[in-house]
Amino acid sequence: MADSRARWRWLAVPVFALAIWVIVRAADPPRHPDTVPRTPAPTAAPSPSSGTGSRATPGPSRSYDPADYAPQVRKHAAGSGITPRLLMVILYNEAYKPHDPDLERAWQRYKPDAAFGIANMHRAAFDETRQGRDFANRRWEELPDDRDLAIEAAAWYLHDLGRQLPAHWPATYSRQELLALGYNAGAGNMLAFARGATPGTQARSYLDRLHANWRSAGRALAP
């Protein structure tokens, strides 16, 4: 996620996070058949950020596979002018974290600066990215429930990072690697890495996962 927390912090607290999730579930009253669901069903109409006639985004669920969102990745990568495979591999990199909407909100109540959505985006990054875009009227709080919006915001954040890169840089990193590092560590660090700075442990781990997930991202986007 843009300015994401280190992966180990999530791995270190699964029991605590699960406990929060259980508490939240227990606090919710039973839902009756005539109760309006809080999250859209898989066949719901496209979100306001989706174009007319576009394929509806599968609804949020506890089971999550980035490959299920290949149509949305292709659409928003094309709209923002970035490489679809880069956007898909970002989703794979961020899939380590549980993406159940209730669990995300429970964790955010414990840690207010936590990220939201399948692309793990922080509020500040989302609010900056949405300016002047067709999702400018959408809110960061909607990301857990609207995965299409999460993908669209991530695509445009990568686009904005790309506009900040110089035409040439002395470091040996590719453009895709630098954009991924920027997504994880922020624009300032991305530019420092482009100038030759050595990534820290967190950024290095993110880059390693990018390489490990690159093939899976390609397969997910294959015709």
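Filtering the stretch 115-132 to residues that are at negative phi and surrounded by 21 or more Cβ atoms within 10 Å (Cβ to Cβ) leaves ALA115, PHE116, ILE118, ALA119, MET121, ALA125, PHE126, THR129, ARG130.
Restricting attention to the stretch 81-98, the residues that are assigned to a helix (DSSP H, G or I) and either open to solvent by less than 10 Å² (accessible area, probe 1.4 Å) or not aliphatic (A, V, I, L, M) (or both) add up to 12. Cβ separations smaller than 9 Å between residues 6+ apart or across chains give the following pairs from the stretch 62-80 residues that are open to solvent by 70 Å² or more (accessible area, probe 1.4 Å) to residues that are assigned to a loop (DSSP other than H, G, I, E, B) and among the acidic types (Asp, Glu): ARG62/ASP100. Can you find even one residue in the stretch 140-150 that is open to solvent by less than 10 Å² (accessible area, probe 1.4 Å) and more than 22 Å from PRO84 (Cα to Cα)? Checking the stretch 140-150: at least one residue is open to solvent by less than 10 Å² (accessible area, probe 1.4 Å) and more than 22 Å from PRO84 (Cα to Cα). As a summary of the residue check, ASP148 satisfies the conditions (1) farther than 17 Å from ALA77 by Cα; (2) touching a Pro at 6+ places or on another chain (Cβ under 9 Å); (3) part of a helix (DSSP H, G or I); (4) not hydrophobic (A, V, I, L, M, F, W, C) except for the one numbered (1).
Conditions (1) of a type in the set (Phe, Trp, Tyr); (2) farther than 23 Å from ASP68 by Cβ; (3) in contact (Cβ under 8 Å) with a residue 40 or more places away in the chain, marked per residue:
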{"site": "PRO144", "(1), (2), (3)": "no, no, yes"}
{"site": "ARG147", "(1), (2), (3)": "no, no, yes"}
{"site": "GLU177", "(1), (2), (3)": "no, yes, no"}
{"site": "TYR206", "(1), (2), (3)": "yes, no, yes"}
{"site": "ASN213", "(1), (2), (3)": "no, no, yes"}
{"site": "SER216", "(1), (2), (3)": "no, no, yes"}
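Of all residues in the stretch 189-223, those satisfying the criterion of being over 28 Å from GLN72 (Cβ atoms), open to solvent by less than 50 Å² (accessible area, probe 1.4 Å) and part of a helix (DSSP H, G or I) are LEU191, ALA192, PHE193, ALA194. So which residues in the stretch 99-114 are open to solvent by less than 50 Å² (accessible area, probe 1.4 Å) and either free of Cβ contacts under 8 Å to residues at least 12 places away in the same chain or of a type in the set (Val, Ile, Thr) (or both), if there are any at all? If the condition is that a residue be open to solvent by less than 50 Å² (accessible area, probe 1.4 Å) and either free of Cβ contacts under 8 Å to residues at least 12 places away in the same chain or of a type in the set (Val, Ile, Thr) (or both), then GLN108 is the only one that fits.
Among the conditions (1) of a type outside the set (S, T, N, Q); (2) surrounded by 14 or more Cβ atoms within 10 Å (Cβ to Cβ); (3) closer than 23 Å to PRO112 by Cα, ALA136 misses just one, which is (2).
Here is a yes/no grid of residues against (1) among the aromatic types (Phe, Trp, Tyr); (2) in contact with a Pro (Cβ under 7 Å, 6 or more places away or on another chain); (3) under 19 Å from ASN189 (Cβ atoms):
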{"site": "THR83", "(1), (2), (3)": "no, no, no"}
{"site": "GLU104", "(1), (2), (3)": "no, yes, no"}
{"site": "LYS111", "(1), (2), (3)": "no, no, no"}
{"site": "LEU158", "(1), (2), (3)": "no, no, yes"}
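The values are calculated or read from the model by the stated rules, or taken from the named source; none is laboratory data. Model, not experiment: these values are computed from the prediction. Don't worry about glycine lacking a Cβ; one is built from the backbone with ideal geometry, like all the others, and counts go over all protein chains shown. When the accessible area is computed, the model is the full protein with side chains, heavy atoms only, and any ligands, DNA or RNA have been set aside. Shrake-Rupley method; radii C 1.70, N 1.55, O 1.52, S 1.80 Å.
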